[in-house]
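Q: After the structure tokens below, expect a handful of questions from me.
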Amino acid sequence: MAAMRVEANAKLNLTLDVLGRRPDGYHDMRMIMQSVELADLLDITRSGSGELRVSTNLHFLPNNAKNLAAQAALRWWEAQGNASQGLDITIDKHIPVCAGMAGGSSDAAAVLRALNELEGAGLSPAQLARIGERVGSDVPYCVTGGTALAEGRGEVLTPLPPLPPCWVVLCKPEFSISTPALFAKIDSVKLRCRPDTQGVIAALEEQDLVGVARRMYNVFEDALPERQRSRVNDIKNVLIQCGALGASMSGTGPTAFGLFDSEALAREAQERLTGVGGEVFLTRTV
Ligand code: C5P
């Protein structure tokens, strides 16, 4: 096989807790991840050029080794003990960028899955995840996606029962957040509240969508600068007013999202938020 098209799904955090800073500078996490249908589309083609080329439909994204998709290919060849080979990666971005939705990590995971197929290497998802963790903390989760508990840096994964199917409305406000800056800030912030991770796991086991939605929480909301926190809160309030079962922020933000059991209510929320600004999407869980 010489070419493949793969989807790279976005993720949301149903919960996100930061347990503490580690000696290696990373933080220990405890978070429940959920994939959604919103996805980037990647065309991956083996070429005779000997070069690794990345292009995207967004002019401001790196088209060199800084792009996580390219890093994934380089780490792949390193792990296989091969020199880099000719590869063209074309990314059609749909997932908002710098939004807390693992867009770049998901692209990287998609490249690993595609190279595994194209080269007939037959690596297991766990082996792909081990390569992926060298690209970024969210990449191991993105290799398989679904509903999972992520611990450690994010690479220690436990599959969970799937979230009952629902509609998701999400809104990425106009500003972006620096992940390293927010991680640095969280060390000095007094957290007002922690997510009930165990309660969400119990609700997933009972397939209780309302029980999950009501317990969603992300500690990074407390670390946002005041104006940004208030914008995220405004979005969450609109979602709840429109009938969301619960609303939270994803990752280090600033995307806020709500879960709906009614498509009509979700469409109403999408319309109301579209009038307010930012990038708004209606999607479903995977
Ligand atoms: O792993 P990744 O490259 O995505 O992480 C980006 C940055 O986020 C790290 O350099 C670190 O500052 C922060 N981070 C962290 N703890 C984690 C994951 C990320 O402190 N578990």
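Q: Using the Cα centre of the chain as the reference point, and only Cβ charges (+1 on K/R, -1 on D/E), how large is the resulting charge dipole? Debye, rounded to the nearest 20. Present the calculation step by step, with values, prior to reporting the outcome.
A: Working: 28 positive and 33 negative charges, 127 e Å.
Once rounded to the nearest 20, the dipole reads 600 debye.
Q: Mind scanning LYS93/LYS172; LYS172/LYS236; LYS93/LYS236 and naming the pairs with a C-alpha gap bigger than 19 Å? Please report the intermediate quantities before stating the final value.
A: On the way: LYS93/LYS172 15 Å; LYS172/LYS236 11 Å; LYS93/LYS236 25 Å.
As for pairs spanning more than 19 Å Cα to Cα, those are LYS93/LYS236.
Q: Hey, another quick one. Could the peptides 272-279, 118-125 be put in order, highest first, of the mean number of other beta-carbon atoms found within 10 Å of their residues? It would help to have the intermediate numbers written out before the result.
A: Numbers: 272-279: 15.4, 118-125: 13.1.
Top to bottom by mean Cβ count within 10 Å: 272-279, 118-125.
Q: Tell me which of ALA79, THR45, HIS27 sits at the most positive position along the dipole axis of the range 3-159, charges placed on C-beta atoms (Lys, Arg +1; Asp, Glu -1).
A: HIS27
Q: Further, regarding this structure: Before anything else, pin down the relative contact order of the chain: Cα pairs under 8 Å, at least 6 apart, normalised by residue count, whole percent.
A: On the way: 662 pairs, mean separation 63.4, N = 286.
Over the chain, the number comes to 22 percent.
Q: Here's something else I'd like to know. If the label point is 7 Å along Cα→Cβ of GLU271, which residues in the range 164-193 have backbone nitrogen under 19 Å from it?
A: Inside the label zone: 167-171.
Q: Rolling a 1.4 Å sphere over the protein heavy atoms, what is the accessible area per residue of the chain, to the nearest Å²?
A: Working: 12250 Å² over 286 residues.
Here the per-residue accessible area is 43 Å².
Q: For a protection proxy built on the mean count of beta-carbon atoms within 10 angstrom, sort 146-157, 3-14 highest first, please. Spell out each step's value before the answer.
A: Values: 146-157: 19.0, 3-14: 22.5.
Going from most to least packed, we get 3-14, 146-157.
Q: Then there is this: Order 127-137, 158-168 from most to least packed using the mean count of other Cβ atoms within 10 Å.
A: Details: 127-137: 20.5, 158-168: 16.6.
Per-residue mean Cβ counts within 10 Å order the peptides as 127-137, 158-168.
Q: If you don't mind, there's one more thing I want to ask. Given only helices, namely DSSP H runs of n ≥ 4 each adding -39500 (n - 2.57), what is the per-residue ellipticity at 222 nm of the chain, to the nearest 500 deg cm²/dmol? Mind dumping the intermediate values first?
A: Numbers: 9 runs with 95 residues, N = 286.
Helix contribution divided over all residues of the chain: -10000 deg cm²/dmol.
The values are calculated or read from the model by the stated rules, or taken from the named source; none is laboratory data. This one's a predicted model, so the numbers in the text were calculated from it and none came from an experiment. As a convention, Cβ positions derive from the backbone with ideal geometry for all residues, glycine included, and neighbour counts pool all protein chains shown. When the accessible area is computed, the model is the full protein with side chains, heavy atoms only, and any ligands, DNA or RNA have been set aside. Shrake-Rupley method; radii C 1.70, N 1.55, O 1.52, S 1.80 Å.
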